[in-house]
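Peer 1: Got a structure for you, questions after.
The values are calculated or read from the model by the stated rules, or taken from the named source; none is laboratory data. Because the structure is predicted, anything quoted here is derived from the model rather than measured. Reconstructed Cβ throughout: ideal geometry from the backbone, glycine too, with neighbour counts over all protein chains shown.
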Amino acid sequence: MIGDVHGCYESLLQLLEVFPSSAQLVFCGDVINRGPAIEATMLLVWELVCKGRAIWLRGNHEQHLINCLEADHQDCRAALLSIDTYRQLGDELAREWLGRLKGLPLVYKANGWIATHAGLDLNGNPDLSIRNSFWEDYDGRYGRVVVAHTPRPQVERHRHIVMIDTGACYGGALSAYCPESDAVVQVCGDHRLKKRWSADLNKLKEVVPREMTTSSPSVLAKPC
Ligand SMILES: [Mn+2]
């Protein structure tokens, strides 16, 4: 499982070097936007998908781009221009991606665990932007759920939920997590973006309710 890449192409290249070509990868959504090399990142991940090496789950950023590309009203032009991916790719290229983006699955189901971008609603359906209500209410009925979406200082396990987004595009790390072994592999995110977003990752410790049991899986390799 790989957390939000957000256009951090160089970091993704470094991370992929760690894995053998036989490794099955699942990108947990938000491959696009924010970072400096969005098209290169999309092409790299899509190549892995085409080779059968990776699953690219849909994140709220991919969903927003789909919605804006499909919208047929005056406001959509302004909305599109506010999207990094659209600005970097341009109109023609962005529209070429629409079919592929619409085909991205919302959830990946494995034996004993599932993955989706942000979490599940009360009916067990993927919700690409959900936060607190999922963290507080999820009772483990669908097994362990691996999510990204909310950056954390480290990969963290909260009862039945594992959060793997470590804010690569905010100057944090790009993390990969293996649900079978509980291992984490990390490389540095894009530190050039830290200033732009001025996010202090330590402040994120307060995002998740403190009463939830927290533990960090062991980090196997951290070439940062
Ligand atoms: Mn997200």
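Peer 1: Answer yes or no: is there a residue in the stretch 9-20 that is out of contact with any Leu (no Cβ under 9 Å at 6 or more places or on another chain), part of a helix (DSSP H, G or I) and farther than 22 Å from G167 by Cβ.
Peer 2: no
Peer 1: Can you name the number of the only condition in (1) closer than 21 Å to R87 by Cα; (2) without any contact (Cβ under 8 Å) to a residue 12 or more places away in the chain that H6 fails?
Peer 2: Here H6 clears every test but (2).
Peer 1: Follow-up. Would you confirm whether or not the stretch 80-102 contains a residue that is of a type outside the set (F, W, Y), surrounded by fewer than 15 Cβ atoms within 10 Å (Cβ to Cβ) and touching a Lys or Arg at 6+ places or on another chain (Cβ under 7 Å)?
Peer 2: Of all residues in the stretch 80-102, those of a type outside the set (F, W, Y) come to 80-85, 87-96, 98-102.
Next, from what is left, pick out any that are surrounded by fewer than 15 Cβ atoms within 10 Å (Cβ to Cβ): 81-82, 87, 90-93, 95-96, 98-100, 102.
Those still in the list that are touching a Lys or Arg at 6+ places or on another chain (Cβ under 7 Å) too: 81.
Yes, some residue in the stretch 80-102 is of a type outside the set (F, W, Y), surrounded by fewer than 15 Cβ atoms within 10 Å (Cβ to Cβ) and touching a Lys or Arg at 6+ places or on another chain (Cβ under 7 Å).
Peer 1: So how many residues does the stretch 48-71 have that are basic (K, R) and either within 14 Å of the ligand (Cβ to nearest atom) or at pLDDT below 95 (or both)? Don't jump to the end; show me each part of the working.
Peer 2: The initial filter retains those residues of the stretch 48-71 that are basic (K, R), namely 51, 53, 58.
So of that shortlist, the ones also either within 14 Å of the ligand (Cβ to nearest atom) or at pLDDT below 95 (or both) come out as 58.
Of the residues in the stretch 48-71, 1 are basic (K, R) and either within 14 Å of the ligand (Cβ to nearest atom) or at pLDDT below 95 (or both).
Peer 1: Residues V5, V49: which one is within 23 Å of G189 (Cβ to Cβ) and outside any helix (DSSP H, G or I)? Let's see the steps before the verdict.
Peer 2: Working: V49 fails: outside any helix (DSSP H, G or I).
None of the others qualify; the one that does is V5.
Peer 1: Moving on to the next point. Among (1) within 16 Å of the ligand (Cβ to nearest atom); (2) within 25 Å of L12 (Cβ to Cβ); (3) of a type outside the set (A, V, I, L, M, F, W, C), where does P153 come up short?
Peer 2: Just one mismatch for P153, condition (1).
Peer 1: Between residues in the stretch 59-72 that are closer than 14 Å to D91 by Cβ and residues that are of a type outside the set (A, V, I, L, M, F, W, C) and away from the ligand (no atom under 14 Å from the Cβ), which pairs lie under 7 Å by C-beta distance while being six or more apart or on different chains?
Peer 2: Close Cβ pairs satisfying both conditions: L65/Y86; L69/R95.
Peer 1: Related question: Scanning for something more than 22 Å from L174 (Cα to Cα) and surrounded by 17 or more Cβ atoms within 10 Å (Cβ to Cβ), does the stretch 122-130 turn up at least one residue? Walk me through it before giving the result.
Peer 2: Narrowing the stretch 122-130 to residues more than 22 Å from L174 (Cα to Cα): 122-127.
In the following step, the residues that additionally are surrounded by 17 or more Cβ atoms within 10 Å (Cβ to Cβ) were identified as 126-127.
For the stretch 122-130, residues more than 22 Å from L174 (Cα to Cα) and surrounded by 17 or more Cβ atoms within 10 Å (Cβ to Cβ): present.
Peer 1: Between a residue in the stretch 35-48 that is closer than 14 Å to Q14 by Cβ and any residue that is acidic (D, E) and in a loop (DSSP other than H, G, I, E, B), which pairs come within a Cβ distance under 8 Å, given they are 6 or more apart or on different chains?
Peer 2: What qualifies is G35/D190.
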